Each structure stands twice: as C-alpha cells, then as structure tokens.
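Here is the structure we will look at, set down as structure tokens.
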Amino acid sequence: MQQPTNHRATGSRDKENFRPDIEGLRGVAVLLVVFFHAGLLSNAPFQVPGGFIGVDLFFVVSGFLITGLLIRERERTGRVSFSKFYARRVRRILPAAAVVLLVTIPLSYALVTLIQRPDTMQDGAAAALSFANVRFALTTDYFNPVSYSPFLHFWSLGVEEQFYLVWPALLFVAAWRAPRLGAGVALAAVVVLSFAASVYMTDANPSWAFYMLPTRAWQLAAGGLLAVGAGSLARVPGVFRSVISQLLSVVGWLALGALLIDAFVIDSRTIPYPGTAALIPTIAAVLLIASGAERFGPGVLLRLLPIRFIGKISYSLYLWHWPMLILGGIYLQGSAQPSTAAGDVQQILTPVQAFALALFSIPVATVSWGLVEEPFRRGYIPLPRPSRTVLAGVAVMVIVALLGTSFSFSAQNALADLGGQTAQVDPTDSPQPSDTPLDATDTPLPSFDTPPPGDTPTPVPGMTPALTFPPAGQPPTSFAVTNALRPTLGNAPKDYEKPWRDNCLGWEATTVPPAWGRCVYGNPKGTYQVALIGDSHASALFPGINAVAIAHGWKLVIYMKIDCSFVDIPVTDFNLKRPYTECATWNNNVIARLKAHPPDLAIVHMSRWIYNINSSDGSLTAQGNAMAREMNKIPNSATLVMISDIPDPWNMSVPECLSAHLTDYRKCAFSRSTAFGSNMGKREVVAAKASGASLITLTDAICPGTGACPSVLNGMIVFRDQHHLTATFATSLGPAIDQKLVAILVANPKPTPSPLPSPTP
C-alpha cells in the first residue's frame, strides 16, 4: 500500500508547481466546448461555432503539464519512474471515466433506438479501452455525423491516453544525457512532423486528421516545448527580464483576444480542421500559459475564483456534459415528440432545453469531482503500490468494456428477432451455386428471363419492356416492423448495392474510373452498351437499372463517384471543405473513357445537392446548364437519358425511425414537402432541354398517391439512411425504369450499334 508520507510529498510538489492561471485556462476551454455542443444540438440563435477549439487548449495544457512533470522528475532524481507516472495517470483519469461509462452505457441502451444500440455499445467499449478516437476516425465525421454517439467526446481522451502511453518512453530516450536539450530536440521534431501530417491529412482524410494522435501530437508537443523552456526567463538579466515580462503580458492579452474571436468566427462547416486552422488556438494556448503568471497578463482574469472553479471541475464537466445533452435530448424527444426519429437530437432540443442541460451538468460534475475524482487523485482512497494500481485500473476498464460488449451482443440478439444482421446479396446479382433460393416469405421482385450468355443485343426498333411488375399484394393488416420486411430492419442500414461491395464506387480521393472491363454488369458479353454515370445516388439506383440491363442482355458499365456531381463547374466537397478537384479530374477521365469506349445509351443520375464554389453558378438555371455542358461531352452516338433525383427524407434516418416505432412504421412516413423540397427536378429539366436528353422521373414509384411518402412500401424498407435507397427497394424499381427507357428508345431509335472497340488494358 502507498504510505501517507508519499501522498504528502506528492501533494507538496503538486502545490509547489500549481498554476492557478492554468486552472482558469482549463475553465475557459471546457466552457467553450460545452457552449459549442449546446448550441450545435439545438440550432440555437446564440452559437459558439468554434468552441470545439477548447479541446486544442486541453491538448496544449496536457503537453505542458505532463512534459514538465517528467522533466522535473528526471532532473530531481536522475530517472523517471514509469510505474509511478502511470499510477498517477490512472488515479487522475480512470475513476471518473469509469463512473461516467458505467452510468452512460445502460442509460444509452435504454434510450437509443434498437438499430443504434449495437454500434453505440461498441462505442462505449472503445471508450473504455482508450481507442474511441480510432473507432470514430473510421466511422464518424465529428462535424457531420449521421447521429451523435453519447461517447463521441471520449475521442479526445483516447488521444491523450495514447499520448501518455508513448510520451514518457520518448522523453526517456531523448533526454538520456541532457534532459531539457534532448527533450527540446525531440519535441521540436514532433511538432514539425506532426503538423505536416495534420495539414496533409486534413486535405486527404479529415476524419483521420481530426481524431488521430499522429495529427494532434504537435499540439501536445507545443505545450511540451514550453515546459522544456520553463524557467528560462529567470536566468535572463534583470533589465531584459522586465522588458520580456511586459512584452509577454501584452502578447498574452492579444492571444486571449485572438482565441475568443476564433471561437466565434471559425466555422466547421466551411473551414477544414485541424490543419492550419488549428494554429491560432494552439499558439494562443502556448502564449496564455507563457504569460499566465505575469502580474499584468491575462492571468489576472484566469485566476478569478469562478473561472478557476470551472477549471477545477473541468475534467468531470467534460465527461458528463455530452451524455447529458445527448441522452437528455433523446429522453425529452421521446416524451414530447414521439413521432420524430429517435437519435435526431439536432431537431428536438430547444435552446432552452440544451442550455438547461448544459448548466445542470455543472452541479453533476461538481459532485463527481468531489466524490470520485479528487479522492482517487489525491490518494485519500488507499490504493496498492503503483504497478498494482495500474493493473487494477486497466482491469476495471476492461470490465467496463466487456459490459459494453455484452450490451452490444444483447442488442444484436434483439435485432436478430427482427431478421438479424446478415450479409446482404444484391437481388440483381447473377445467381451463383452457393446462393440460397428466395423463400415464400420474400417480397416479390420484378420477374424477367435472363438472356443466355453471349452476344445477345436487343434491337431497339419494336422492342418492348422485358420486366413485368409483380402482382399487387393484399393491403397490409399490420404495420409492425417484423422479419417479414425486406430488407430486415437489422440489415437495412447495410443493404448496399453490388458496386459498393465490389469497390466500384469511386471514393473521395479517386480520380480514375476502374480499369476497363473490371466493373461491368448486366450481361458482360452483350453488344449493346449502357453507361451509368453519377454519384452515390446513381449507385443506390443501380440495382433497378442493372435489372433492366440483365433482362435485355445489355452490357452495363458504371462511372460513379461519391459526392461528385457530373457538372461543368467547380464544386466543393461538404466533408473536405475545399474545392473538390478530385471530382473535376474524375469527370474529365470519365469523358475520356466514354470517348474511348462509346456507349449506345448513357444514363445520368445524381443528387440534387450541388455545392458550387462560384456564386454565379448557384442558380438552378446555371447548374442545369452546367449539367448539360458536361453531358454534351458524351459521344453523340449515345442516347442521352437523365433520371431526376428521387424524393427522400433527407433529415431522418429511416432505419433509426423504424426502430423507434416498431409497432407502426407509418409514423416514419415523411411529408411530400420534405421529400421534394422546393427545387427537386428543376435542374434536370433545364439540363435535359439544353442537352437534348430524355428525362425520367420515378416520383410516383417512390411516393405514390398524393399523401406522405412512405418509409415502407410493398413490404420493403425504402431507404437505408437519409437519402440512399436500399438495394432491395431499388431493384423493385426495375419495371418502372424499363418501361420508361423502352419508350424513350423506341421514340428515338439509333442505328444498329457497330462492334465495340477491343478492350484495352
């Protein structure tokens, strides 16, 4: 057991190095984060849009304090005790985090929708094991998530805990002979390399840049460099010391002003982050720490008792405020607005509710700080010797992770009762020997005869539709979500089309279409060639178009890239927050491929949302003409067809809504005004007129009648998320697409196609 004298010695050293201004800076950091989150989740008129930079302040402060602690121990004792260091980190971090997780995991299980539970529980397990940042880098855009996880804020703890894991070893090696010089060189190298990685990855993969330690380490190292230089001012001659002190005071005030301005000016919707945008809060944090102890510096404010109190409880406040906002919002939504999709907290928290929950998190955090954080941190609760303290802390977090995992398995079993989460097979895939035949409970899909392999072109003159509509079924007698739906609820979010699973859909960094001959569907040996061109909406509609191609024996070649509009104007990418140059390059390469292998029929389909860079390109007419200019580059031998964007619920995840309304899926219907918006189809009308393309609309097949648009139609879940069709439902659109395409081809016959060019590597 640790001896009381050790606690007193540790406490006296902590008190000797205590900086009240840094405690106040922590208070500023956590308040920025809390106000940012409260405004974000309520769309409040009062926003702190850049409040997320509070996390950057935490990183710099952690780098400063931890590096200073290690350097001082090395200078004082000639060594660094890894076991004592990690024991201090365990006492400081894990008890409060474990309590928050033990409360949040079961509450989340009870409150989030069934479809969200498996992933949410896995988020909790990842948070307990300190790699939440890695999980969210792979699954979540912090600024534009599909739904907010109650554990999302643990990403920054993951970064810091990984930092604690590697930092002592790095300094041990670098500072072996000269503690401060060696540490300074190592930290300077980390700053340069990590910042360069951050700038590059912010452009290439923003999620990885935001969440991962290698792209955030420069901020921790910046604080560490300041710690290495701490005390240097005391060695400066008196005259110069006074001048430098006054200069630091002025610079400190400027840094505080820049920090606060940045918090209100920076906009995550338009500015890529972190990258170079993180320089202001990082440098400001360094300058505020450097000047905080000056008599006339910004420490005058930071040392005020109210802000210091918030700083004192900042760790507990950070841990508690986010799950209180998320789970409190879901609870309030459930009691006040039962017809709203659960999990869509942005739409249901009023500003009053959001800021009330944020304020209530302060007394909750105070209790947590007093009863959990401080007793363990100060050693008031007896713990074993350092090495066993570390093992005990790890064991507790593993147990918490196992709890989250067990809840995840429980949620998966509950979904299994509704059909489970199994691998999906695109209904238009060519049958393979291992395929299991559809059973009698499956939703009927379009019927057609697959032409035999080989050259089986369909002559356009006199052609008729090859797909037939399934017979009309009986009206449903129950509107419950059961395993009779196709796809099942558990499978709906991942009911992807075959190009997605075949990696034939271009991702953001992709600039060249797949090698000729690789991503070919329909009848690959057919002589009538169809090109499907567009973005992820075109990919989602692929199963229906592929069904038509199979039925007629057409060769279907795809050219599809996510978020990439087929337009002749510069566009920006919503996720990358910069000009989407990869899209322009992709479109140019698609045109080159089409000229090398001219199609007989070119089908263009894309999302209605076009993020133009130039304001002059923002009108519907300008965007429609930009579509036409791009389509006019397609070889003249092709019949041009546009399919208008489909109506969709855009602000509601259909599977999440269905899992919130298991007894009546009609509550997830969405209004026609939401589905169509004010401008749906207008760009395509302009483009079709300007390019001579024929226009197809599928509105009646997705939103039949004049009432609300259903989320479940003919026994099928229509959308896998907010705006992408399930592969199952898209396949059912085959007869409607076939009927409209045949009418166009018969009315606009082309000469019999000549033999296609020989494939080139």
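The values are calculated or read from the model by the stated rules, or taken from the named source; none is laboratory data. Note that this is a predicted model, so its numbers are computed, not measured. Every residue, glycine as well, gets a Cβ built from its backbone with ideal geometry; the counts of neighbours run over all protein chains shown.
Determine whether G473 is over 16 Å from F729 (Cβ atoms) and either within 32 Å of the chain's Cα centre (by Cα) or surrounded by fewer than 21 Cβ atoms within 10 Å (Cβ to Cβ) (or both). No. Filtering segment 245-255 for residues that are farther than 24 Å from F64 by Cα and modelled with pLDDT of 90 or more leaves an empty set.
When the residues of segment 103-138 are filtered to those that are among the polar types (S, T, N, Q) and under 17 Å from the mean Cα position of the chain (by Cα), the one that is surrounded by the fewest Cβ atoms within 10 Å (Cβ to Cβ) is Q122. Out of segment 278-337, which residues are free of Cβ contacts under 8 Å to residues at least 24 places away in the same chain and of a type in the set (S, T, N, Q)? Answer for segment 278-337, where residues must be free of Cβ contacts under 8 Å to residues at least 24 places away in the same chain and of a type in the set (S, T, N, Q): Q333, S335, Q337.
The condition of being in contact with a helix residue (DSSP H, G or I) (Cβ under 6 Å, 6 or more places away or on another chain) and either at pLDDT 90 or above or within 19 Å of L107 (Cβ to Cβ) (or both) holds for only one of I381, I362, I348, that being I348.
Within segment 551-563, does at least one residue satisfy the condition of being of a type in the set (G, A, S), within 23 Å of N636 (Cα to Cα) and buried (at least 24 other Cβ atoms within 10 Å of the Cβ)? No: segment 551-563 contains no residue that is of a type in the set (G, A, S), within 23 Å of N636 (Cα to Cα) and buried (at least 24 other Cβ atoms within 10 Å of the Cβ). A count restricted to segment 501-552 and to residues that are β-branched (V, I, T) and within 17 Å of V590 (Cα to Cα) stands at 6. Residue selection: L319 satisfies the criterion of being assigned by TED's automatic domain parsing to the domain that holds I244, crowded, with 19+ Cβ neighbours inside 10 Å and modelled with pLDDT of 95 or more. Would you confirm whether any residue within segment 563-570 is over 33 Å from the mean Cα position of the chain (by Cα), among the charged types (D, E, K, R) and more than 22 Å from A688 (Cβ to Cβ)? No, segment 563-570 contains no residue that is over 33 Å from the mean Cα position of the chain (by Cα), among the charged types (D, E, K, R) and more than 22 Å from A688 (Cβ to Cβ). The condition (being crowded, with 18+ Cβ neighbours inside 10 Å, in a helix (DSSP H, G or I) and either within 18 Å of the chain's Cα centre (by Cα) or in the same structural domain as R378 (by TED's automatic domain parsing) (or both)) is satisfied by just one residue among A188, A183, A169: A183. Kindly indicate the residue of segment 476-496 that is under 11 Å from A727 (Cα atoms) and over 21 Å from the mean Cα position of the chain (by Cα) and also surrounded by the fewest Cβ atoms within 10 Å (Cβ to Cβ) among those meeting that condition. So the residue we want is P487.
Of everything listed in (1) within 20 Å of V557 (Cβ to Cβ); (2) surrounded by fewer than 21 Cβ atoms within 10 Å (Cβ to Cβ), the single unmet condition for I634 is (2).
Scanning segment 658-692 for residues that are farther than 25 Å from G707 by Cβ and not hydroxyl-bearing (S, T, Y) yields R683, V686, A687, A688, K689, A690, G692.
Of all the listed residues (T67, T77), the sole one being without any contact (Cβ under 8 Å) to a residue 24 or more places away in the chain and out of contact with any Cys (no Cβ under 8 Å at 6 or more places or on another chain) is T77. Every test in (1) surrounded by 21 or more Cβ atoms within 10 Å (Cβ to Cβ); (2) over 24 Å from L733 (Cα atoms); (3) more than 27 Å from the chain's Cα centre (by Cα) is passed by A660 save one, and that test is (3).
Residues in segment 673-696 that are surrounded by fewer than 15 Cβ atoms within 10 Å (Cβ to Cβ) and either without any contact (Cβ under 8 Å) to a residue 24 or more places away in the chain or not in a loop (DSSP other than H, G, I, E, B) (or both): 3 in all.
In this structure, F729 qualifies as crowded, with 24+ Cβ neighbours inside 10 Å and either farther than 28 Å from P470 by Cα or aromatic (F, W, Y) (or both). Give the number of residues within segment 1-48 that are of a type in the set (A, V, I, L, M, F, W, C), in a loop (DSSP other than H, G, I, E, B) and modelled with pLDDT of 90 or more. Counting residues in segment 1-48 that are of a type in the set (A, V, I, L, M, F, W, C), in a loop (DSSP other than H, G, I, E, B) and modelled with pLDDT of 90 or more gives 1. Exactly one residue out of A110, A137, A178, A183 is out of contact with any Pro (no Cβ under 9 Å at 6 or more places or on another chain), free of Cβ contacts under 8 Å to residues at least 40 places away in the same chain and under 26 Å from V60 (Cβ atoms): that is A178.
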